[in-house]
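The values are calculated or read from the model by the stated rules, or taken from the named source; none is laboratory data. It should be emphasised that the depicted structure is a prediction, and the values quoted were computed from it without experimental measurement. All Cβ positions, glycine included, derive from the backbone under ideal geometry; neighbour counts span all protein chains shown. Heavy atoms of the whole protein, side chains included, go into the accessibility calculation; ligands, DNA and RNA do not. Shrake-Rupley method; radii C 1.70, N 1.55, O 1.52, S 1.80 Å.
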Amino acid sequence: MLKYYVRRSSGEEFQKVSEPPKNNVWIHGDAVTDDDLHFLSDTYGFNLNLMRDVLDAHELSRVETTNGDGLYAFVRTAHRNKKGMVVTTPVLLAVRGTVFINVSMANTEHHRLATPSVIAQASDTTSLLLGTFAAVVSEYEDFMQHTANYIYDTEERLRTHEVKNDDFIRFVTVEGNLNEYHTNLSSMQVVAERLQELMEDSGDREAVEDISLYIKQLLVAISSQRQSITSIRNTYGMLANNSLNQRMKALTVLMALIALPGVFYGMYGMNVALPFQKEPWAYGVITIVSLGVTLLVFLFAKKRGVF
């Protein structure tokens, strides 16, 4: 589905129109079909073969230029599915004369690139392309912030020993998302560098440099989040091992404490002559001695930090 936006001056916001004008138009396409691409090619002269690459779900980010056909930049926008995994789809940003298009085979209705106000200050079609590119990158920052919040929350709960096994199972999804962020931002970094080369003598070069720096900062943040996950796992592993060691020590001492009274009772339960076996107070003394020895062993173990 194609939507058409126009504005009277660069200072105004885009207004949606029903009839596609021939010039000075921004065309946004959601869930585009081959027929939509044919229409754009026939009406505005865009290269049909290049545009068709946006229908490939695995299309990588890249920049293409052809004589007379303008500039074509493929990037990948992100969204989260019901399972919490981040999924990316290709988006084509293309400029030809006074016409700018951004189209995707996915539904990008709720994405920033579908909101005209995010690039209302763009003065020309090249600025529109760069503004939309920046909006795509900023969506990754939003998803990364959500991921960072989850990691921080897990770190806080680790201090109070409230972390569960489900948290570490979920880390598989988190790491998968981080890998998805890194892969696509790295490829879009190449797109930004290529645009820098193409706009070497253009006034838009500074804007491209800002986007490139923005992507580099996000890549650094991804590395930091990966290290945080590794740190949490290592810390949890050390805590688990230490807890297991403490429990084994405690169980060993408890077994010894349980066994000590049995030693005395076992000796005086033998069918042989024993000291004081005919005395009425013998049972009480044996009981007190066995409990006293058990108490001494317990206090010794406590002093050594076993409990």
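Here are the numbers for the structure shown:
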| item | result |
| --- | --- |
| Highest-MSF residue in the chain out of Q15, Q246, Q196 [GNM, Cα springs under 10 Å] | Q246 |
| Calculated FRET efficiency for the pair R80/T230, C-beta based, R₀ 30 Å, to 0.05 | 0.80 |
| For M199, residues with placed amide H under 5 Å, excluding near neighbours | none |
| Alpha-carbon centroids, the stretch 246-307 and the stretch 8-42: separation in whole Å | 90 Å |
| Exposure ranking of T154, T252, T235 by accessible area [1.4 Å probe, largest first] | T252, T235, T154 |
| Using a Förster distance of 35 Å, the FRET efficiency for T252-W281 (Cβ separation, nearest 0.05) | 0.55 |
| Charge dipole (the chain, unit charges on Cβ, about Cα centre) - positive-most of T294, I101, G176 | T294 |
| Accessible area of E156 in the full protein assembly, 1.4 Å probe (Å², nearest 10) | 70 Å² |
| For the chain, built as a Gaussian network whose Cα springs stay under 10 Å, the top-fluctuating residue of Y140, Y265, Y214 | Y265 |
| Choice from K278, K82, K22 showing the highest fluctuation, given a GNM over the chain with Cα pairs closer than 10 Å | K278 |
| Solvent exposure ordering (accessible area, 1.4 Å, most first) of H146, H28, H182 | H146, H182, H28 |
| 0 to 90° range, to nearest 10: angle between helix 125-159 axis and the chain longest Cα axis | 10 degrees |
| Taking all pairs of distinct alpha-carbon atoms in the chain, Kirkwood radius in angstrom | 24.5 Å |
| Other-chain or far-sequence residues with amide H under 5 Å of V91's (modelled H) | V75, R76, T77 |
| Quarter of Cα convex hull surface for the stretch 225-294, i.e. mean projection, nm² | 6.1 nm² |
| Translational diffusion of the stretch 32-103, µm² s⁻¹ [Kirkwood Rh, Cα pairs; Stokes-Einstein; 37 °C; 0.692 mPa s] | 256 µm²/s |
| Accessible area expressed per residue, the stretch 1-77, with surrounding protein chains retained (probe 1.4 Å, Å²) | 52 Å² |
| Share of carbon and sulfur in the accessible heavy-atom surface of the chain [1.4 Å probe, %] | 55 percent |
| Sequence of K302, K3 when ordered by accessible area, the most exposed leading, probe 1.4 angstrom | K302, K3 |
